1. Arrange the following residues from fewest to most other Cβ atoms within 10 Å of their Cβ: GLU288, GLU123.
2. So what's the net charge close to THR425: Lys and Arg +1, Asp and Glu -1, counting the other residues with Cβ under 11 Å from its Cβ?
3. Send over the per residue convex hull volume for region 323-447, Cα only, as a whole number of Å³.
4. Across 5 Å bins from 0, what is the distribution of all Cα-Cα pair distances for region 325-387, in whole percents?
5. Going 7 Å from the Cα of PHE136 in the Cα-to-Cβ direction, what parts of region 310-325 have a backbone nitrogen less than 17 Å from that spot?
6. Which ordering of GLU73, GLU445, GLU81, GLU355 is given by a fewest-first count of other beta-carbon atoms within 10 Å?
7. Please compute the modelled spin-label separation between ARG385 and ASP346, points set 7 Å along Cα→Cβ, answer in nm with one decimal.
8. How high is the FRET efficiency between SER392 and ALA423 when r is their beta carbon distance and R₀ equals 30 Å, given to the nearest 0.05?
Amino acid sequence: MLTIFGSKSRQSGYCDGVNRRSFLKVGALGVGTFGLNQADIYRAEAATSGGLGHKAVINIFLGGGPPHQDMWEIKTEAPKEIRGPFQPIPTNVPGIQIGECFPKIAQIMDKAAVLRAVVGCEERHDSFQCMTGWKFSELRTMGGHPALGSTLHKLEGPVDRSVPPYVGMATAGVWRNPGTPGFLGPTYAPFVPNGEGLADMKLSGVTTDRLAHRQQLLSSMDRLRRTMDATGQLEGLDSYTSQAFDVLTSSKLVDALDVSKEAPSIRARYGDGKPFQFQYDGAATDNELVLVARRLVEIGVRCVTLTYGRWDSHGDNEGLVRHHGSRLDQAVHALVTDLDERGMLDDVSIVVWGEFGRTPRINPQGGRDHWPQVSCALLAGGGIRGGQAIGSTNRLGEFAQTRPVHMQEIFATLYKNLGIDTASTTITDRAGRPQYLTNMDPIRELV
């Protein structure tokens, strides 16, 4: 491990695999679980006037599985023990109603689309499928399919090396996994900012000139280690560390993560999502993370993922939905409106969804259990044709009745919004075989 502090330097090295242990630190810039998780994903495009200047996606994962029948399609004709206590409300699109907990989203329905019959879900408390579009078991021997953000990192070249192309606003865990690079390897893992990560991006008194001298020394050592590495794991380390230095000498990322720099009126529009309730071992309803997501795509990040709330409502489903729903309503309305006012909405795709739906029948604890047969999603931005409610479930909300939309179709739509033709674009797996990004076409009603 090489650690560089202010006026002191210390070198020692070992090669036991980038995917298991850290072997590089710059100040506090750590190399972590996915390899060089804070020194290897620094490509993005700079924003230009007249729009964002690049395409981006914000993936809001409702970890735990949100109740589809209590959000975008209230089952008014079902028995009480199935329909629940929620009432439908009108939106600004004639003929479309959504759940009463989402009055602000109802005001921007013309800019969004709800998918009421999402199919293809696994019964896994895992963000994997909502990050990749693929089942967890597929290509598992080589790490599985990469997340959308990792694929974007692979396919798109760098524009601003001081900004990561893929940022996961989360920490590791079942409820908050920001996505994984799969068979693409640790080079394409998401940057995950946290308290330690923020400290990593500060020079702590080291001047850029002195940092440059250390960069030259570090590059020389990297070349030496690479020549000694028979596995090839260290190949390209020079470029990783170079990108790390680019981040250290730029304030863009640190500034974007600091919501105190945002206008008070905009912060008030998003709110903070407090008081946090029903969190347990999951994510908070942190609305400021949604604001950070907008700030990140604005400086050049291509993909931002975040987990919002813990929707595993085995008990007190009504209380959870009223709490989480009202806060999500404010956050999504603020994000769509904010992007629209800045002329960025057509460039930024927003997807809001969870890993599966909930049981039609309310259990004795007032909750709903796992139901992978059908789920739901909300899409906005990216140039889609908004003002639509696509698909429906049967009277009891048990399964898709009209126009089921597969999770693969949603990813194909996101890729199309990003300017990527999934019919012709492939990425190469570890065995040298080309892999398509999806195996289905985009949602025809939206593109």
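1. Neighbour counts put them in this order, fewest first: GLU123, GLU288.
2. +1
3. 151
4. 4, 15, 19, 18, 15, 11, 9, 6, 2, 0
5. Answer for region 310-325: 311-312.
6. Ordered from fewest to most neighbouring Cβ atoms within 10 Å, GLU73, GLU445, GLU81, GLU355 come out as GLU81, GLU445, GLU73, GLU355.
7. 1.6
8. On the way: r = 28 Å, r/R0 = 0.94.
The value I calculate is 0.60.
Values quoted throughout were computed directly from the atomic coordinates according to the rules given, and no laboratory measurement underlies them. From a predicted model like this one, the values you see are computed outputs, not experimental measurements. When we count neighbours, we look across all protein chains shown, and the Cβ atoms used for this are built from the backbone with ideal geometry, even at glycine.
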